[in-house]
Amino acid sequence: MSASQWRRAMNSAATAAAPTIATRPATAPRAATPVGHADAMPTSLARLVARIRPRHVIVLLAAVAYPFLASPFFTYQIGAQSLALGLIALSLTFLGGYGGMVSLAQMTVAGVAGYGIAIFGTSSFPAISLGWPWWLAVCISLTAATVFAAVVGWLSVRTEGIYTIMITLAVGVAFFYLAQQNYTVFNGFGGFSKIAAPELFGIDFREPVPFYFVALGCALAGYFLVRHLVRAPFGIALQGIRDNPRRMASLGYHVNAHRIAAYAVSGLLAAVGGVLMVWYNGRISPGTVNLAQMIGILIIAVLGGMKHPIGAFIGAIVYVLLQNFAIDLFIRERFNLVIGGVFLAIVLFSPDGLLGLWAKLRSRLVQGPISPQKRRQP
């Protein structure tokens, strides 16, 4: 909305409200609502319930029932991996779609958390791994990855556009070479192996179904966190900074502080996804954070749609399916060609990803074909 449109809307609203206030009849004061009454439901909870649609319930029930209907391969290789990758892509969706900052270092942040699990927990190299309890290793890894993401944000917010992308790309490549060449901390090219998910209350989370539900719980928490933040004052201010940072600065908002905080939030999401990925693979090496993996997260986010939090998981499902089944039609080495062709088609025909393409098709089905007379109308 432009400034002139905003002024006209405010003036018309003030003009319409003036006679209403003057002629409003006096009414008796409302009776106080009892504390235990049903109308005393918190406003936030009422809004949350009002946003629930039948499609949300159907998707949630399908996600819960999926591991009981699918084979262990589809449960673990497709479902759990898609949720973990989707959580990392969700961090980029939040940062790029709502903050206007495209970062290629999200897989690097996930790698920092994954290496933290290997270094502070247990692995095949006890000379390097400290062997601390898994919950302590997870807490330290998430904290370190979040701080790392905030530092990357502190460096990146001083630039805009292509320069931000280049800075995050440089950070990611630098970390890749550091992990590859350092044998004291990162064990060099070989990395760490035999990194297993923990056992808790007699449940072995290395099994497909328990691990799937852990990944599903983390994915739901990340999704609802993003949905809440984009409607909170912080998220609204962040979107305003995305659209016009100078105007937001003139209104008193600290632009760089909001951007750095957005990097920290996205870093936490990517760190949780990184922990899930290192438990899923059972190992981590420099190949986990190389340039191909960094570009892969960008492709996943764009495939689903950068403006929709659920798009990150839809893009991850498409990416994982192509990664597992494209080799049946093409040579394994041609996977990058296949995913590149899909990515190019999505960008050309639907810049808003698969969800944008679905919205266009649904609108055409509802409205029907446009007649030539309507097309000629101005």
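The values are calculated or read from the model by the stated rules, or taken from the named source; none is laboratory data. Owing to the predicted nature of the structure, the values given are computational and were not obtained by experimental measurement. A quick note on method: Cβ atoms are made from the backbone with ideal geometry, for glycine too, and the neighbour counts reach across all protein chains shown.
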Report task. For residues that are buried (at least 19 other Cβ atoms within 10 Å of the Cβ) and among the β-branched types (Val, Ile, Thr), scanning just region 223-264, find the one that is farthest from the chain's Cα centre (by Cα). Result -> Ile241
**Report entry** Residue, surrounded by the most Cβ atoms within 10 Å (Cβ to Cβ), within region 178-187, restricted to residues that are in contact (Cβ under 8 Å) with a residue 40 or more places away in the chain and part of a helix (DSSP H, G or I)
**Finding:** Ala179
Report task. Please tell me if Arg283 is among the basic types (Lys, Arg) and out of contact with any strand residue (DSSP E or B) (no Cβ under 9 Å at 6 or more places or on another chain). Result -> no
Requested in this report: Could you tell me which numbered condition Val152 fails, if it satisfies all but one of (1) closer than 16 Å to Val265 by Cα; (2) loosely packed, with under 15 Cβ neighbours inside 10 Å; (3) aliphatic (A, V, I, L, M)?
Outcome: (2)
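Could we say that Ser285 is in contact (Cβ under 8 Å) with a residue 12 or more places away in the chain, surrounded by 15 or more Cβ atoms within 10 Å (Cβ to Cβ) and in contact with a Ser or Thr (Cβ under 7 Å, 6 or more places away or on another chain) here? Reasoning before the result, please.
Details: in contact (Cβ under 8 Å) with a residue 12 or more places away in the chain: yes; surrounded by 15 or more Cβ atoms within 10 Å (Cβ to Cβ): yes; in contact with a Ser or Thr (Cβ under 7 Å, 6 or more places away or on another chain): no.
The answer is no for Ser285.
If I go through region 191-235 residue by residue, how many of them are among the hydrophobic types (A, V, I, L, M, F, W, C) and touching a His at 6+ places or on another chain (Cβ under 9 Å)?
Here is the first cut: in region 191-235, the residues among the hydrophobic types (A, V, I, L, M, F, W, C) are 192, 195-197, 200-201, 203, 205, 209, 211, 213-216, 218-221, 224-226, 229-230, 232, 234.
Restricting the remaining residues to those that are touching a His at 6+ places or on another chain (Cβ under 9 Å) gives 234.
The number of residues fulfilling the criteria is 1.
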Query - Any chance Tyr163 is more than 15 Å from Val109 (Cβ to Cβ), assigned to a helix (DSSP H, G or I) and more than 21 Å from the chain's Cα centre (by Cα) - result: yes
Query raised in the report: Pairs under 8 Å by beta carbon, first residue closer than 24 Å to Val289 by Cα and modelled with pLDDT of 90 or more in region 192-216, partner in a strand (DSSP E or B) and among the hydrophobic types (A, V, I, L, M, F, W, C), six or more apart or different chains?
Result: Phe192/Ile284; Ile195/Ile284
Query raised in the report: Are there any pairs with C-beta distances below 6 angstrom linking a residue in region 217-243 that is in contact (Cβ under 8 Å) with a residue 40 or more places away in the chain and over 23 Å from Ala63 (Cα atoms) to a residue that is among the aliphatic types (A, V, I, L, M) and surrounded by 14 or more Cβ atoms within 10 Å (Cβ to Cβ), with the two at least 6 apart or on different chains, and if so which?
Result: Gly235/Leu229; Leu238/Ala262; Ile241/Met248; Ile241/Val255
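Picking from Gly172, Gly217, which residue would you name as being surrounded by fewer than 17 Cβ atoms within 10 Å (Cβ to Cβ) and either β-branched (Val, Ile, Thr) or assigned to a helix (DSSP H, G or I) (or both)? Give the steps one after another, and end with the answer.
Details: Gly172 fails: surrounded by fewer than 17 Cβ atoms within 10 Å (Cβ to Cβ).
Just a single option satisfies the conditions, and that option is Gly217.
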Query raised in the report: How about region 98-145: which of its residues are surrounded by fewer than 24 Cβ atoms within 10 Å (Cβ to Cβ) and aromatic (Phe, Trp, Tyr)?
Result: Tyr98, Phe120, Phe125, Trp132, Trp134, Trp135
